[in-house]
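The values are calculated or read from the model by the stated rules, or taken from the named source; none is laboratory data. Owing to the predicted nature of the structure, the values given are computational and were not obtained by experimental measurement. Heads up, the Cβs are rebuilt from the backbone with ideal geometry, glycines too, and the neighbour counts pull from every protein chain shown.
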Amino acid sequence: MTRPRLTQYAHGGGCACKIPPGELEAMVAGLVGDRPPDGLGELLVGLDGGDDAAAVRIADGTAILTTADFFTPVVDDAYDWGRIAAANALSDVYAMGGTPLVAVNLLAWPREVLPLDLAAQVLRGGLDVAREAGCHLGGGHSVDDPEPKYGMAVTGLADPRRLLRNDAGRPGLPLTLTKPLGIGVLNSRHKATGEQFPQAVDAMTTLNRDAGAAALLAGATCATDVTGFGLLGHLHKLARASGVTAVLDAAAVPYLDAARDALAAGYVSGGTRRNLDWVRPWLDAGPAGEGELLLLADAQTSGGLLVAGEVPGYPVVGELIPPRDGLTLLVR
């Protein structure tokens, strides 16, 4: 029997289906800076800087990290989708300098439309990646939903003195990127045509564990992961939170094989275009053309880490400089 193409049951794919960043910031603006409640722990990182996870320091000096991430199918294979979604959710903990401890599943499934054995394959993919990460998986929550969605809520641990934060960037620091871009345009082509791109699946299912550990070992204190808002969007948030301007060397940014072909063929998601539109007011594009900017804004799913600092074994793609003329992004 022909298996259903899961991407055809979703209006968007992966992290490209996020609420656009400008709309999201307007929606949560009233939640920033609220007085913390009386209770256990101290909130170290919350909503203010747009970080990847919340961090709370508890009595013994440990920081608890907590995050949630889920999305619609980004590939047609159910098992691979589960693996990708799990790696993406776990990435938020690695991007904060932490180690995942326990996760729970978040599953929405059109039970009268898609076979439940496919949902079981999704969950199995998530379980296998959680095991690879050494993270407990303890159940979760499911709902009957017209559109399939899957992800995880993850709790991790970190040293509160060694967190990787959005607001800790300083002028003079290089910028390191730990995975190539191009996942978004390849996923868009896969959704439209059914073509397979194993290089994209390999990138999306690679844990950011080793990159996060290497960043800490290199003494980094500022990082984020590159997901639905693209490299430009996440770099803008980091530069804005740190009060600096980021200079991006477009020629140094690595891309997956066939990414430029997918761009030339027009496989650009609406999320990618919204990302670029969002950062334009703070962007000096320099010599970069529209196509190059779209790749730099490409909505990634389970992308790599963007680290303020040099991390051995990964390419340096730019640097942070003192703030310049109200801009957060310069492309050269």
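Only residues that are free of Cβ contacts under 8 Å to residues at least 12 places away in the same chain and part of a loop (DSSP other than H, G, I, E, B) were counted across the range 144-165, and they come to 0.
Of all residues in the range 141-172, those being more than 25 Å from ARG5 (Cα to Cα) and either surrounded by fewer than 23 Cβ atoms within 10 Å (Cβ to Cβ) or not charged (D, E, K, R) (or both) number 19.
Which members of the range 173-201 meet the condition of being of a type in the set (A, V, I, L, M, F, W, C), buried (at least 24 other Cβ atoms within 10 Å of the Cβ) and within 17 Å of VAL317 (Cβ to Cβ)? Answer for the range 173-201, where residues must be of a type in the set (A, V, I, L, M, F, W, C), buried (at least 24 other Cβ atoms within 10 Å of the Cβ) and within 17 Å of VAL317 (Cβ to Cβ): LEU175, LEU177, LEU181, ILE183. Within the range 47-74, residues that are hydroxyl-bearing (Ser, Thr, Tyr) have Cβ atoms under 8 Å from residues that are part of a loop (DSSP other than H, G, I, E, B) and buried (at least 20 other Cβ atoms within 10 Å of the Cβ) in these pairs: THR66/ALA53; THR67/ASP52; THR67/ALA53; THR72/GLY12; THR72/GLY13; THR72/PRO148, counting only partners at least 6 apart in sequence or on another chain.
Listed by first and then second residue, the pairs linking a residue in the range 272-297 that is closer than 20 Å to ILE19 by Cβ and not assigned by TED's automatic domain parsing to the domain that holds PRO323 to a residue that is of a type outside the set (Phe, Trp, Tyr) and in a helix (DSSP H, G or I), with Cβ atoms under 9 Å apart and 6 or more places separating them unless they lie on different chains, form an empty list.
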